[in-house]
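Before any comments, here is the structure.
Derivation of every value follows stated rules applied to the coordinates shown; laboratory data play no part. None of these values were measured; they are calculated from a predicted model. Cβ: placed from backbone, ideal geometry, glycine included. Neighbour counts: every protein chain shown.
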Amino acid sequence: MSEEIKKEIMLPKGEELVLSSSPHIHVTENIQSIMLKVVLAMLPALAAAIWFFGIPALLVIFWCVLFCLVLEIIWCRIAGKPASVVKDGSALVTGLLLAMNLPPVTAWWVCLLGALLAIWLGKQVFGGLGQNPFNPAAVARVGLLIALPRQLTYWIPSSGMTADAANYSEVFYAAADFTKIEQAGQVIDGITCATPLSIAQNTPKILDSGVAAADNFAAIANPESYWQYFIGNMGGSLGETSTLAILIGGIILLSFKLIRWQIPLFYLGTVAVFTGLIHLIWPGVTPPPLFHLLTGGLMLAAFFMATDMVTSPITGRGAAIFGIGLGVMTCVIRIWGGFPEGVSFSILLMNALVPLIERMAKLKPFGFRKPTPAKGA
Amino acid sequence: MNEQAINKDLKIVSFKGGVHPQKDGKILSKKASIQTAPLLERYQVIVSQNIGAPPKVVVSAGDEVKKGQLLAEAAGFVSVPLHSPTSGKVEGLVDIPGPMGVMTQAISILADGKDEWTELPASIDWRNSDADTLKKRIMECGIVGMGGAAFPSHVKLSPPPDKKVDYMIINGAECEPYLTADHRVMLEEPEKVLEGAAILGRAAGVKNVVVAVEINKVDAINAMMEKAAQFNVGIVGMKVQYPQGAEKQLIYAVTRRKVPTGALPADVGCIVQNAGTAAAVAEAVNAGIPLIERVTTITGEPVVNPGNWRLRLGTPISEALKLCGGVKCEPGKLILGGPMMGFAQRSTGVSVMKNTSGILLLDKSDVTQYESSPCIRCGRCLEACPMNLQPSALSQLAEAGQYENALKYNVMDCIECGACAFACPAHRPLVQHIRRLKAEIRNRTKKEIKK
Amino acid sequence: MTQESLLNVLELTVGAMLVYNFVLSRFLGICPFLGVSRRLDTALGMSAAVVFVMTISSAITATIYNLGLKKTFLINGTEVNLLFLKVLIFIAVIAALVQIVEVLLQKFSPPLYKALGIYLPLITTNCAVLGAAMLNSVNDRGIWESTVFSFFSALGFGLALVLFSSLRERLDLSAVPRPFQGMAIALITAGILAMAFVGFSGLC
Amino acid sequence: MTSTIILSVLALSILGIILGLAIGLISKLFGVATDPKVDLVLELLPGANCGGCGKAGCADFARALVSGEASPGQCPVSSQEVMAQIAQVLGMALEAPDKKIAVVLCGGDIQQTKVKTLYNGVNDCISAMLVAGGPKSCAYGCLGMASCARACPFNAIEIINGLAVVHNELCVGCGVCVKTCPRNLIKLVPAEAKVHIYCSSPEKAALKMKVCNVPCIACRKCVKSGEEGQFTINGFRVEVNYDNYPGEDIVSKAGCPKNCLLTAAQHLEIERNEEAGEVVA
């Protein structure tokens, strides 16, 4: 081969040429940048949580992220994977999501348990990022809810709610310590509060229609309360209260194409239609749809939890089915179930259905035609 | 950058899916006009240059050949002859590295420096001749699809009689990043391309002849639009989106017809030919010149002077690179073709073939390493796939070795355009996985047929 | 329909299928649940077989229970009650039924027979089938009630099995760490699935 | 008390009779006769479903055995005793086949093959072959990406030093690897043949030496020092004639200049040492 090199002209020597399959160029986007964008989208909701619940919320976020990162590194060490895997940012996202799913006042050990459930049981036993069929944060949330129901339903009022602001700041802002808050909670009356959904759950249902039925939920479902729910001034999990902040995050996610738009649309739409119908038939059984949309973890789930790319169907049609299924399950659990909130359960249940949904909602290739018996056209 | 404005009458079309590489590298060579390479001392013409049966060599060591003389004759219908790039002496058959990495047979010709033409066939008055004469000439001049596949052109022009063809599309999309060869040909020789298009139309008995060009080649579009009427050829603009020039996508963009799975363009009444091919056809019919040289883009960041060169078949890549002043630094990759579908080479000993549309060197910093992190099911590949497949699922099936299941995901429809792997944030080797699946499935069907 | 009977119907259907799912809530019938869930099509076949066997066997056992075992006979002045033979009789009936199903399957659907393999005879010892019969008698359900309950319980079993097998087909594509491959990851997945089913509690 | 006993016995007897009759009737009406031998044979078979016999898994093979389409010797995995047992079940005489094992006929590990191209892609021989024929400079050498090792149902192939090596004690000769290797380097040979020529390249000696330190250059030293017919010359390389294979002493007698004629044990040891050396370096 004519390998002789002319004096001034340099030619490739060939020994450093890389062989690889086409294509030879790629996008600059990578998993890390995707995860960081997701974190960016979470920031408004996290900021709202700290605004409404103060230092305890910040602590919960800190613990969850710390434990998730540490546990991820430990697992990688044991499993012989490079610990640099943690750089992909998925553990950070899981940690933040987990924090958003916990009450604003949560003891560190609950955070640790949650991180264990999320990172190890929810993700790493299945092989790590991309392999887990269930949403790690939902696994942790459901596992904790079943195992530690009291800790997971220990709601404190948001800073805008309390009548006695001095008391409030003294207890919650100064003492960022669960045991102290617990003790304080026993002393100061009314320090814990109920979430709107648990109030709705505990309100006796009125099956027949009438004035009483229509007014059954008036205390928690009125224009003034809707506004409070919208900005996030209510009891609830750390990251789920502020619909406004979550919507901002959702817009970020959608604009970066990090979630499939079908999931939030069909999820929220189904919940609205379903609760609307039930409310129309039996107004005394459940509050109006707007109440359901604004309270609980629905918004958080619709934009951040259910849309997790790994555990939701990959095709658009599949995502729509997934969203509808989520909506129905959430409503059924909320209205008739034993738990006030059903989003985490419905996410796990629908996660289990994803392989079946994907079977149903396979893409049809361009120019697809049904295979016909061999015959010259 | 005072680009020419797009003509308002231009119809702009596109297809669904695809990707748009931000850094398309065309800027390196799109202003460089076509230069003709000086005569070399030696050419190594690879024998098997077309899809189908490789031609049968008719010369032997020691023979004197003239430029354009037959070196190998067509061996069957799906095969074309091969001609000598210059006059000189046949040194014999040698093994040189082929484009696919395996050694391949080539005819080595020592140039005598005279560069004398052999006696060429007479010009054909194509406006008054019948289709078969044209097709015969196209075949005799060894013309194949010069865009990449190297499929014999006369075969495409002869669809089965029961299929009514009413569209001839000349593919000037050149959607591959970095490549500008077709662009320059269309800009500098618009008449040749248009006349070739008209000839191809006549050879296929088709009235509707259009040249489809991506609208990032405004100057070429305008140059052709001026002359298009005189050849009764239409010009269509296409959105800049990869793979706009893939056959099925091109047909859909221009005609809105979908080529069904496993069918040929002729099934929907279309024939697609490359713009470079059209120019070669014009030369073959008007002057009887066989396909012995082609315009190739030599480009990439490491190349000192990227440009578009008219190279003879059998020019070794190393010689071609010398024309461009060599390289600035050691490149990370040598690719024949474009960056999306081209083949990585291990040495510069490969020689230019009929379908070598580009010689691309990539800088080491541009060589993307496959860290191949796991799929996070983001769905980017589904959006990118012009064939509406699910590359992520296919790649996982390939990894798990579930080859039969891949058929349920229509793996055989893949056109290997590389859009999915380009878009994958996990940098998974999706195309390689899919090629593996296809190879396995082909093997299995072969075995079944044997049984 | 009165509210009470509505609730009763709900309990027999939704309750049997989801809330008190045989596999994921009562943890009965784990053997076929883990054994036949490798592939979706065999899971579907097994589900069909279980639905068939469970419904028929419950109908028969409930008939025997309601017409025979429950009754107290007066023989020679002593009251005789055969309730203590319940388990024995139920098992015998179920075993015989499975035999019959096996023969019929082999005749009419050999591929399914082959796919179910060892698990078909195992239905005999599938505690879910006996469990359904026992639950019916413990709750003193009538023949129709028992049949409906068993049918929906079997549907719930099938649902869990199908869900689980589709998940396992997906797990086959994942890079599960070596120590967790196979049964370990299957059990973990089943556990998480059971956790998800807790969400249905309190529905009725 | 007695009446309870009597009634229980009566009830169970009646139930038993009814159920027995029902089963009997139905199997009479719908029963399909199957040969119980199939199950017996299936139990004896190894159950690896390797396909080495040419049938689709052990169950299929068992059916073929019982129906007489196959003979027990076709199962490459079963030991002699097992085959004898199967033959006994089937009531036939057993023809004893030679036990075969696989051998990878390439010695070009990562130290011995000179020029290497950087390869960036799926770590699998078959996939790598699709990219410019794979990274190895020798177009006929082992790619060392473990396609065969992954395919082996008995974990008998190990990649040592970038080269696939068969562990003779684990190999049962099912031949799955032979079909897997994209470069067709793996051969099934008699288990008693201990000496192999670890090169499969048909290229000319000069070309081989350019890319590899241990090619067979067809110097015929082995042919000369061996007995007539123990080796065959195939183009530019020599092959061991496995119908008439030489003994282990041929290695020292021939003194292969390229260290390409080796016993399997020597080959394994060389690769092990080289790998250990690499770790130190």
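When the helices of the protein assembly as shown are scored as -39500 (n - 2.57) per DSSP H run of n ≥ 4 and the total is divided over every residue, the value at 222 nm lands at -13000 deg cm²/dmol.
For segment A:44-51, putting each phi into the Karplus relation 6.51 cos²θ - 1.76 cosθ + 1.60 with θ = phi - 60° gives couplings of x, 5, 5, 4, 4, 4, 5, 4 Hz, in residue order, rounded to whole numbers and with x for Gly and Pro. In chain B, if the dipole is taken from +1 on Lys/Arg beta carbons and -1 on Asp/Glu beta carbons about the Cα centre, which of B:153, B:379, B:100 is farthest to the positive end? Of B:153, B:379, B:100, it is B:379.
Among the listed pairs B:447/D:179; B:192/B:322; B:11/B:248, those whose Cα-Cα separation exceeds 23 Å are B:192/B:322. Here, the protein assembly as shown is characterised by an Rg to Rh ratio of 1.03, where Rg is the alpha-carbon radius of gyration and Rh the Kirkwood radius.
The P(r) of segment B:110-243 has a tail past 17 Å containing 64 percent of all C-alpha pairs. Just to confirm my numbers, what's the Cα centroid distance between segment A:30-90 and segment B:71-144 in Å? Computed from Cα coordinates, the inter-centre distance equals 64 Å. Against the compact-protein benchmark of 2.2 N^0.38 Å, the Cα-based radius of gyration of segment C:75-184 scales to 1.46. Taken one residue at a time, the phi angles of segment C:63-69 give Karplus couplings (6.51, -1.76, 1.60, θ = phi - 60°) of 4, 4, 5, 6, 8, x, 5 Hz. Gly and Pro are set to x.
Residue-normalised convex hull volume from the C-alpha trace of segment D:136-281: 117 Å³ per residue.
With the Cα gyration tensor of segment A:31-152 giving a ≥ b ≥ c as the square roots of its eigenvalues, does the rule (a/c under 1.5 for rounded; else a/b larger than b/c for prolate; else oblate) give rounded, prolate or oblate? Verdict is oblate for segment A:31-152.
For segment B:62-152, the set of trypsin sites (Lys or Arg not before Pro) satisfying both a DSSP loop assignment and a count of at most 14 other C-beta atoms within 10 Å is given as B:114.
Considering all different alpha carbon pairs of segment C:1-82, the Kirkwood hydrodynamic radius works out to 15.9 Å.
Can you classify segment C:124-200 as rounded, prolate or oblate using the Cα gyration tensor, where a ≥ b ≥ c are the square roots of its eigenvalues, rounded means a/c under 1.5, and otherwise it's prolate if a/b beats b/c and oblate if not? Taking the square roots of the gyration eigenvalues as a ≥ b ≥ c, segment C:124-200 is prolate. Spin-label pair residue B:164-residue C:109: with each label point 7 Å from Cα along the Cα-Cβ axis, the two points sit 4.9 nm from one another.
Converting phi to 3J(HN,Hα) with the Karplus coefficients 6.51, -1.76 and 1.60 and the offset θ = phi - 60°, segment C:44-58 yields 4, x, 4, 4, 4, 4, 5, 4, 5, 5, 5, 5, 4, 5, 5 Hz in sequence order, with x at every glycine or proline. Taking 7 Å steps out from each Cα toward its Cβ at residue B:450 and residue B:91 produces label points 3.9 nm apart.
Of all beta bridges that DSSP places with both ends in chain B, some 60 percent have antiparallel geometry. Shape class for chain B: rounded, because the ratio a/c of the largest to smallest gyration tensor axis (alpha-carbon atoms, square roots of eigenvalues) is under 1.5.
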